[in-house]
Amino acid sequence: MTAMDAYSPDWDYPAPFVQSVTVADTDIDGLQHTNNTVYVKWCERVAWAHSVSLGLDLDSYRRLDRAMAITRSEWDYLRASQAGETLAVATWIVDWDRRLTMLRRFQIIRPVDGATLLRGAMRFACIEISTGRPRRMPREFIEGYGPAVLDGGSTARPVKGQDAADI
């Protein structure tokens with residue numbers, strides 16, 4: 001977690017892993033707000049940073065010949081952001097089966113007014129990198145990701161209109 005920890009926004013879940021980002025001029029699209037793809041990139045970055053903080057970096061993935069690959073994602077864009085604004089990008093692992101899949105949630109908040117700009121979800125499946133085929137999570141994934149899963153997944157809330165199992 002970062003210096004944003006001192007700020008206590010209305011997070012959807014407890015104990016987020018948070019990174020701070022500042023909207024750059026290059027993030028702005030023809031509609032004069034942050035392009036939707038930029039939000040997705042920020043969520044991917046915070047997910048990777050969270051994995052690294054848990055001891056699972058790209059070198060570990062390669063050494064184990066395993067990776068958590070995105071199989072589904074969903075994004076609710078709620079409000080726009082502008083160049084120069086500082087945002088808090090948060091992630092949680094909210095559910096997993098301890099074998100093959102896990103579910104991450106994301107939330108982006110603008111700390112200056114507490115507005116939630118985005119909520120999202122990514123479902124991952126463990127794959128063998130060399131073949132691309134689904135494989136059981138190795139012990140290192142269970143030990144690394146396990147402590148970060150919220151309450152065994154029981155606090156997971158579905159994205160509006162969906163059951164958590166559908167993501």
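Among the residues of the range 93-106, what is the count of those that are in a strand (DSSP E or B) and more than 16 Å from Y39 (Cα to Cα)?
The number of residues fulfilling the criteria is 7.
Criterion first (in a helix (DSSP H, G or I), among the aliphatic types (A, V, I, L, M) and either more than 22 Å from P138 (Cα to Cα) or touching a strand residue (DSSP E or B) at 6+ places or on another chain (Cβ under 9 Å) (or both)) does V40 satisfy it?
yes
Within the range 63-76, track down each residue that is touching a residue at least 60 places away in the same chain (Cβ under 8 Å), surrounded by 16 or more Cβ atoms within 10 Å (Cβ to Cβ) and either within 13 Å of the chain's Cα centre (by Cα) or in a helix (DSSP H, G or I) (or both).
Of everything in the range 63-76, those that are touching a residue at least 60 places away in the same chain (Cβ under 8 Å), surrounded by 16 or more Cβ atoms within 10 Å (Cβ to Cβ) and either within 13 Å of the chain's Cα centre (by Cα) or in a helix (DSSP H, G or I) (or both) turn out to be L64, M68, E74.
What's the total number of residues in the range 105-128 that are within 20 Å of A47 (Cβ to Cβ) and either without any contact (Cβ under 8 Å) to a residue 24 or more places away in the chain or among the β-branched types (V, I, T) (or both)?
Total satisfying the criteria: 4.
When you check G55 against the structure, is it more than 18 Å from the chain's Cα centre (by Cα) and exposed (fewer than 14 other Cβ atoms within 10 Å of the Cβ), yes or no?
no
Output the residues belonging to the range 77-113 that are within 12 Å of R123 (Cα to Cα) and exposed (fewer than 14 other Cβ atoms within 10 Å of the Cβ).
Of everything in the range 77-113, just one residue is within 12 Å of R123 (Cα to Cα) and exposed (fewer than 14 other Cβ atoms within 10 Å of the Cβ), namely D97.
Can you find, within the range 119-140, the residue that is surrounded by the fewest Cβ atoms within 10 Å (Cβ to Cβ) among those that are closer than 25 Å to Q107 by Cβ and charged (D, E, K, R)?
Looking at the filtered set, the residue picked out is R119.
Determine whether A15 is within 13 Å of F106 (Cβ to Cβ), in contact (Cβ under 8 Å) with a residue 12 or more places away in the chain and either part of a helix (DSSP H, G or I) or under 15 Å from the mean Cα position of the chain (by Cα) (or both).
Criteria not met by A15.
Laboratory data are not the source of any read-out in this text; all were calculated from the coordinates shown. Remember, predicted model here, so these are calculated numbers, not experimental data. We place every Cβ from the backbone using ideal geometry, glycine too, and count neighbours over all the protein chains shown.
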